[in-house]
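Note sheet for the following structure.
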Amino acid sequence: RKIRIYELAKMLNIENKNLLEILQDLGVEAKSHMSSIDTDIAQIVEETLREDKEAKHGDSKEATVTAKEVIRIDEGSTIERVAKILGKPVNLVVKELITAGFMVPASAIVNDEIAKAIGKAFNVVLSIVPVEAEVSDEEKKEVAIQSERKRQQEPPKKLLPRPPIVTVMGHVDHGKTTLLDYIRKTNVTAKEAGGITQHIGASVVEHNSKKIVFLDTPGHEAFTSMRARGAQVTDIVILIVAADDGVMPQTVEALNHAKAANVPIVVAINKIDKPNAKPDRVKQQLADLGLIPEEWGGDTIMVEISAKTGLNVDELLEMILLVAEMNELVADYEANPEGVVIEAQLDKGKGPVATVIVQQGTLRRGDILLFETTWGRVRAMIDHLGRNIKEVTPSLPAEILGLNEVPQAGERFVRVEDEKEARDAIDKYLEKKRQQEMQAVKRASLEELFEQMEKGEMPTVKIILKSDVQGTLEAIKSSLQRLSVEEVGIEIVHEGVGRITESDVMLADASDAIIIGFNVRPDGNARKLAEQKGIQIRLYRTIYDVIDDVKAAVEGMLAPKL
Ligand code: GDP
């Protein structure tokens, strides 16, 4: 199959004459923009261009090194550390990173990309120095003096203990839910507080007048999907293993996830009340996996419990508090509040509702919060007992109302000074995301186009369209259908009102379609599945943007006339 030069140039968004030059370099004969070349050569051109672009990127980095102040940071430094070196508030650095599209916690290690983004935001060049690298004594001294100077300028932080945040993990049916229920039933002082336990995604229990926070979604999936977003909330994992069943595949999986996250593990050997319970066999199995019980000279705390009868559950809680103490869990209660979304949904009456856990600072009603995909002013806060509260301190969960849209679980937030700041950051973020998605679709379309042309088919953009109301759905549909041209078709495979669901993603996967959401978002499962399957979900708020994007995609796909 062949394609004309001018058409390829249009697709690649370059001048005809530049394309002809590139072809000449590649030794391909092409006289004018009306000449045709093979599509596989076109593909090579596209790849060459992409490589070129990446290489250029590298060059420009080199070039700026001389112009700006170069600051060396040790390999493995966290964002917090770098903020200190720069003498900037860590929240500001995190916020700049969010604006630049990096959703990372202050504790994240600074890699090349993050270093670049921070450098850009603060007009310096951060150079990551390998730890083993030889640094002269002179330099060492200079760095030491500087960091000491910075340290003295900073007001001392008021770090206070905070409650541990615990996730229960283990194989299915080993007793995760039963354990959580038992702990909640016996340790939440609901009556005293005049409330009833509410499901807000996390529970707060009290043991020996010390608080422990349990995340309500047991298992490693939620844990890991949060981590995948750069949010680590869990301080301690309870790995539960049924004594009658022993270590099972998901036990090993959970163990590996906890290990990967470097989170301390307390083992609960459950169902000890059962006659066929074999706790020693479980210990042996765990020891084989590297978790050696204390009584055998190792350092893993293991408690034999019955989640059903409550046997030794107190001791388990005791051990959790002990591990928390050993790990010195502290937070700065007076810092600018920041934290993570545990779960969120759209409530018919209340609007977007998110349960968050505060990680630093004290969150107060009226605060303006910037999330990764939305923002809002906290209109009301509700604790796990359903009480209206005015403030939340570190580690504690609260349901918050007043956000403009529903954030995703695992999204981080920080408090910002004013609404404009929040709005600007979100606009920038959305624009950046839109551009990234656009680029992705263009590339995919080009390759697809070649494939379809190879097969001699007419290329078609397949679309699954979801919208918040029927009216806009119709409007978008008819505008899109008008875009259909002779050479490229637009096919609306499925349309509907409401959120983008898992079944939409499955359909898109099966029919090779992209999903367009207008004023709607994918739910958690849909998002996950789409990520797995590489299905594009594109979200819009204005009809104009939808049409514009699809038009660009169609134009990029215009088939050559042969
Ligand atoms: P999950 O899938 O890990 O959440 O497990 P569940 O909490 O749903 O427990 C699975 C089954 O085991 C249920 O029928 C529970 O009643 C039972 N179970 C849980 N803990 C115990 C226990 O300590 N002793 C006994 N005998 N049964 C238990």
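Brief remarks on what is shown
- Summed side-chain charge close to Met381 - residues other than Met381 whose Cβ falls under 11 Å, Lys, Arg +1, Asp, Glu -1: +1
- Interchain or long-range residues, amide H under 5 Å from Glu495's placed H: Leu465
- Shape index of the stretch 215-344: Rg/Rh, with Rg the Cα radius of gyration and Rh the Kirkwood radius from the inverse mean 1/r over Cα pairs, equals 0.99.
- Put simply, the amide H of Ile292, placed in the peptide plane, has neighbours under 5 Å in Asp299, Thr300, leaving out anything fewer than 5 places away on its chain.
- Taking the stretch 278-405 as the region of interest, the number of lysine pairs whose Cα atoms are within less than 30 Å, with members eight or more places apart or on different chains, is 4.
- Neighbour-limited loop hits for GluC sites (Glu not before Pro), the stretch 254-328 (at most 10 other Cβ within 10 Å; DSSP other than H, G, I, E, B): Glu328
- Candidates per GluC sites (Glu not before Pro) in the stretch 16-51, loop by DSSP, up to 15 other Cβ within 10 Å: Glu29
- Set Lys31/Lys53; Lys10/Lys31; Lys95/Lys420; Lys10/Lys462 screened for pairs whose C-alpha atoms are more than 20 Å apart: Lys31/Lys53; Lys10/Lys462
Since every read-out is calculated from the coordinates, none of them should be taken as a lab result. These figures come from a predicted structure and were not determined experimentally. Because the Cβ atoms are built from the backbone with ideal geometry, glycine has one as well, and the counts that use them run over all protein chains shown.
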